[in-house]
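Below: one structure, written as structure tokens.
The values are calculated or read from the model by the stated rules, or taken from the named source; none is laboratory data. A quick note: this is a predicted structure, and the numbers were derived from the prediction, not measured. Using ideal geometry, Cβ is built from the backbone for each residue, glycine included, and neighbour counts are taken over all protein chains shown.
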Amino acid sequence: MTRFILRRSAIAVLLLFVVSSIVFLTVHMMPGDPVLLMLGTDSNPDPQAVEALRRELGLDQPILTQYANWMLHALQGNLGTSYSEHVPVMQSIGSRLPRTLELAGVSLLLACLIGLPLGVLSALRRGKFSDLVMTTGASLGTSIPVYVLGYLLIILFSLNVFGWNIPTLPSSGYVNFSKSPSAHFQRLLLPAVALALGLAASIMRMTRSSMLDALSAESVRALRAKGLPEHNVIIRHVIRNAFIPVVTVIGLQMGNLIGGTVLCETVFNWPGLATLLVKAINQRDYPLIQGCILVMSSVFILTNMVVDIIYGVLDPRAR
Amino acid sequence: MDFLKRSMKNKKFVFSMVVLVPLVFVILFGPQLAPNDPLAMNTSSALAPSSSQYPLGTDEYGRCILSRLLVGVRPSMTVALFGTLGAFAAGLLLGIFAGYLGGKIGGAIMRAVDVILCFPPILLAMMVVGLWGAGVRNLTVVVAILYTPHFTRIAYSSTIKVRKMEFVENEISIGATLNRVLFGTIFPNIFSPLVIQISLTVSSAILLESGLSFLGLGVQPPDPSWGQMIGDARNFLSVDVMYTVWPSLFLSLTILATNLMGDALRDILDPKLRDSF
């Protein structure tokens, strides 16, 4: 077991290295000169100023030296200074990363709470009308883009176009938890639900099909034959086997979840890492773009590592 | 004929055709079908409700929403279809070679392709588009690169399975050329999982392209695209709900139909998996 975890961690470290190299290369291979961009759109800048800035940013060094320096700094947690805000990239990211992780984490939890029970239920009612309703809902859930779901939720619960007798929820913004926990959660609820529904649909479909597999196993017939009550068969044997493959699907969906936060944060003006990235791209702030992509990809790699380890714990054959 | 008969019995297939056939028509003849010029501004009738002149109303510049929807489908579909085609071709070649050669070279090809999977797809796309510029051509290339690993993996694992079968061994032993073995014998036998993957990839690519356009990183204005229209409508949600609803509805229906097509093809082409979803 320890060996398995060590090996999986070593792979994750290797992947982190590869990913950071690709990010560095992509940023440095891009067309256009960042120095000229930083000095503004002036078509005829002072050559001395250009040279000075180039030296200050280390862009006059050979690319391999630049790469080595960047890597050494990145290992020490220094991702450079933002062009547009003139603060360390790590500082901007540090203040926003927890909010994105909170949104993604709450959505993942909601998605499991919705997807797992519905998947089990629809497998047990296979072929009945309620199964048809649930699988149709899941097809819709995987097809509707997260921002469309977001607007749908805003239209229904924030603008309250049908005039339902419900307390309306704020459609955007962010309030610190320490300032007002209830206002914080009111603003978290809609984006988290919008992000969770698509994931819940995938989890539900996978749970359903893996429940159907587990239900048709020989061992289940044996358990029933020996007279074990049906609810015991389902809860203690079928569900335990059925949930293992679902872990893999959750892992595969992590990329979509992290990508989904980008769109979801934009819809709800949630000031997380994704909105920072979109701003950085629009302002061509290369160190900030580089930093955001690197941090979000690292989160992706690390969550995948955790999912793989959990899978290994649940199913010793996968080690 | 058997394929056709099974297809028409499949409700998902029929539903998706009901949406996709008119869609193809719109992709081909959208500009001719549009009742108004999709780029013509008319600020005096901005955010107008639906009328006989503007069947689905107008946007904030007084442009006809229906015309923009009919024209805006083309860039998204170009990106999705050609990007998928590129990914299919690259993935098939890489996967079939890696699977046929096997061993260390095959493994090395697979590891190299897997690197792309280390990034959440939309992030890699945002990085490339943000640095290299948006536009249909760049988006198509990004989609092709992003989805190559999926096809490579499928082609690789299916080739390995087929490669060991006797009829392939026989053909190699009587001295068939590599070209004939790979594309004459192995390719037809690994075709159905790849076809299923094509429809799944098209729907992911539509989602990706519209997401980027929604963020303002995809198709550039004044040319319309569905994702971009949803993004533009954001500021007018409390004034004109339908402005957001129409492009959202068209986009979601298209993705739903493409997804159902994938499900239907899996049911039809892969009897082993039938009824599992």
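In the set (1) within 14 Å of chain A (Cβ to nearest Cβ); (2) buried (at least 23 other Cβ atoms within 10 Å of the Cβ), B:R153 fails one condition alone, (2). Could you list, in sequence order, the residues of segment B:129-161 that are of a type outside the set (F, W, Y), under 12 Å from B:I96 (Cα atoms) and at pLDDT 85 or above? Listed by number, the residues that qualify are B:T152, B:R153, B:I154, B:A155. The residues of segment A:271-319 that are within 15 Å of B:V129 (Cα to Cα) and among the polar types (S, T, N, Q), listed by number, are A:N282, A:Q283, A:Q290. Inside segment B:69-90, can you point out the residues that are over 14 Å from B:M242 (Cα atoms) and over 15 Å from the mean Cα position of the chain (by Cα)? Scanning segment B:69-90 gives B:L70, B:V71, B:G72, B:A90. Only one entry of B:S204, B:S238 meets the criterion of being at pLDDT below 90 and closer than 23 Å to B:P22 by Cα, and that entry is B:S204. The lone criterion from (1) hydroxyl-bearing (S, T, Y); (2) in a helix (DSSP H, G or I); (3) farther than 30 Å from B:I268 by Cβ left unmet by B:S16 is number (3).
Touching a helix residue (DSSP H, G or I) at 6+ places or on another chain (Cβ under 8 Å) and in contact (Cβ under 8 Å) with a residue 60 or more places away in the chain: which single residue out of A:L215, A:L277, A:L223 fits that description? Full working, then the answer.
On the way: A:L277 fails: in contact (Cβ under 8 Å) with a residue 60 or more places away in the chain; A:L223 fails: in contact (Cβ under 8 Å) with a residue 60 or more places away in the chain.
Checking each option against the conditions leaves just A:L215.
Mind listing just one residue for me: the one in segment B:85-134 that is more than 9 Å from chain A (Cβ to nearest Cβ) and outside any helix (DSSP H, G or I) and, of those, surrounded by the fewest Cβ atoms within 10 Å (Cβ to Cβ)? Across segment B:85-134, the extreme among qualifying residues is B:G102. Any residue in segment A:231-239 that is within 10 Å of chain B (Cβ to nearest Cβ), farther than 20 Å from A:S107 by Cβ and surrounded by fewer than 18 Cβ atoms within 10 Å (Cβ to Cβ)? No, segment A:231-239 contains no residue that is within 10 Å of chain B (Cβ to nearest Cβ), farther than 20 Å from A:S107 by Cβ and surrounded by fewer than 18 Cβ atoms within 10 Å (Cβ to Cβ). Of A:S122, A:S130, A:S143, which residue is touching an Asp or Glu at 6+ places or on another chain (Cβ under 6 Å) and of a type in the set (G, A, S)? Among A:S122, A:S130, A:S143, only A:S122 is touching an Asp or Glu at 6+ places or on another chain (Cβ under 6 Å) and of a type in the set (G, A, S).
For segment A:56-90, residues that are surrounded by 12 or more Cβ atoms within 10 Å (Cβ to Cβ) and either more than 27 Å from the chain's Cα centre (by Cα) or in a helix (DSSP H, G or I) (or both) total 16. The residue pairs whose first member lies in segment A:114-142 and is within 25 Å of A:L257 (Cα to Cα) and at the interface with chain B (Cβ under 10 Å from one of its Cβ atoms), whose second member is buried (at least 21 other Cβ atoms within 10 Å of the Cβ) and of a type in the set (D, E, K, R), and whose beta carbons are closer than 7 Å, counting only pairs six or more residues apart or on different chains, are A:A138/A:R205. Going by the structure shown, is A:L15 surrounded by fewer than 11 Cβ atoms within 10 Å (Cβ to Cβ), in a helix (DSSP H, G or I) and either modelled with pLDDT of 85 or more or among the basic types (K, R) (or both)? Criteria not met by A:L15. Does B:V202 satisfy the criteria of being assigned to a helix (DSSP H, G or I) and crowded, with 21+ Cβ neighbours inside 10 Å? Judged against the criteria, B:V202 is a match.
Would segment B:66-84 turn up any residue that is under 20 Å from B:P221 (Cβ atoms) and either aromatic (F, W, Y) or loosely packed, with under 15 Cβ neighbours inside 10 Å (or both)? No, there is no match, as no residue in segment B:66-84 is under 20 Å from B:P221 (Cβ atoms) and either aromatic (F, W, Y) or loosely packed, with under 15 Cβ neighbours inside 10 Å (or both).
Residue-wise test of (1) within 14 Å of chain A (Cβ to nearest Cβ); (2) over 24 Å from B:G86 (Cβ atoms); (3) free of Cβ contacts under 8 Å to residues at least 12 places away in the same chain.
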| position | (1), (2), (3) |
| --- | --- |
| B:E171 | no, yes, no |
| B:N179 | no, no, yes |
| B:I198 | no, no, no |
| B:A205 | yes, no, no |
| B:L208 | yes, no, no |
| B:G218 | yes, no, no |
| B:Q228 | yes, no, no |
| B:D240 | yes, yes, no |
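When B:Q53, B:Q32 are checked against the criterion of being under 30 Å from B:L260 (Cα atoms), surrounded by fewer than 16 Cβ atoms within 10 Å (Cβ to Cβ) and without any contact (Cβ under 8 Å) to a residue 60 or more places away in the chain, a single residue qualifies: B:Q32. Between a first residue in segment A:46-68 that is closer than 16 Å to A:N78 by Cβ and a second residue that is of a type in the set (F, W, Y), which pairs have beta carbons less than 8 Å apart while being 6 or more apart in sequence or on different chains? Matching pairs, first to second residue: A:Y67/A:F24.
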